[in-house]
1. Using the Cα atoms of the range 68-149, I'd like the radius of gyration and the largest Cα-Cα distance, Dmax, both in angstrom.
2. Using a Gaussian network model of the chain whose springs link C-alpha atoms within less than 10 Å, name the residue from Ala37, Ala157, Ala104 with the highest mean-square fluctuation.
3. Using a 1.4 angstrom probe, figure out how much accessible area the chain has per residue, in square angstrom, rounded to the nearest whole.
4. Need the C-alpha centroid separation for the range 15-80 versus the range 161-185, integer Å.
5. Give the calculated FRET efficiency between Ile168 and Tyr32 to the nearest 0.05, with a Förster radius of 30 Å applied to their Cβ-Cβ distance.
6. Among the aspartates and glutamates, which have Cα under 20 Å from the Cα of Lys149 when same-chain residues fewer than 8 positions away are ignored?
7. Once you order the gyration tensor axes a ≥ b ≥ c over the Cα atoms, which shape class does the range 102-213 get: rounded for a/c under 1.5, otherwise prolate or oblate by comparing a/b with b/c?
8. For the chain, what does the helix formula give at 222 nm: sum of -39500 (n - 2.57) over DSSP H segments with n ≥ 4, over the residue count, nearest 500 deg cm²/dmol?
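The values are calculated or read from the model by the stated rules, or taken from the named source; none is laboratory data. Because the structure is predicted, anything quoted here is derived from the model rather than measured. Here the Cβ positions follow ideal geometry from the backbone for every residue, glycine too, while neighbour counts run over all protein chains shown. The area values use the complete protein model at the heavy-atom level, side chains included, leaving out ligands, DNA and RNA. Shrake-Rupley method; radii C 1.70, N 1.55, O 1.52, S 1.80 Å.
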Amino acid sequence: MISSDSRLLIIDTSTNYLSLGLHQNGHTHSIYEAVGAKQSELILPRIQQLLDTTNLKLAQLNAIVYAQGPGAFTGLRIGLGVATGLALPNNLPLIGIPCLDAVAALAPDQPCVLAATDARMNELFFAWYDTRNHKRLSDYQVDSADNIKLPAGQHTASGVGNAYALDIPLPVSGQNLMPGAQQYAQLALSGRYAPTDAAHASLLYVRNKIALTATEQAARRAANQTA
């Protein structure tokens, strides 16, 4: 049972950053580090660093929270692999938090929020939220910015996520912010996300196509050179 005094390990490897946290006594000790392709190399030493800092052992935790996606395909698999590998021998439940839910949490108490993150290949991961009432207003989606429209019945909104760091037009103005371990911990403690055992933990994919083919990459390079 997850409660306000639960001790949680948080793992988010959905971007080029390694975002980790250890929550106890109402406080989240966190690491947020630009690591590029070194997530698999650094994740376990950084988790041990957090455990040492807080004088905790894995067996003393109540759950492991992990970023469920959508996000970087390889990073998500690394995060889930480490989470399940640590959970199994310590009999810990896992709590998967959709990444866009964590992004939307950075814009609380608003009737309509666009959570949008860079999906590469000229596309964005996105979903619409009513963060005032903790409701998602759309499916989790991936598409080009040109195809993102306000939900039916909504006329104004704000946005949040690293999509706002890109030089692309978006349907609403917003802030270039991304969640850290604290946002994932708060969502896990909200009771809105069911814990599961390691055998049933899963990732949230919204894109079937993971990468461009060599032909598509060559075509894109040619287009960029002539643009």
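1. According to the Cα coordinates of the range 68-149, Rg and Dmax are 14.8, 47 Å.
2. Looking only at Ala37, Ala157, Ala104, the largest GNM fluctuation is found for Ala37.
3. On the way: 11640 Å² over 227 residues.
Heavy-atom accessible area per residue stands at 51 Å².
4. Centre-to-centre distance over Cα atoms comes out at 21 Å.
5. On the way: r = 25 Å, r/R0 = 0.82.
After rounding to 0.05, the efficiency reads 0.75.
6. Asp101, Asp118, Glu123, Asp130, Asp139, Asp167
7. Working: a/c = 1.72, a/b = 1.15, b/c = 1.50.
Note, shape of the range 102-213 comes out oblate.
8. Values: 5 runs with 62 residues, N = 227.
Per the formula, -8500 deg cm²/dmol.
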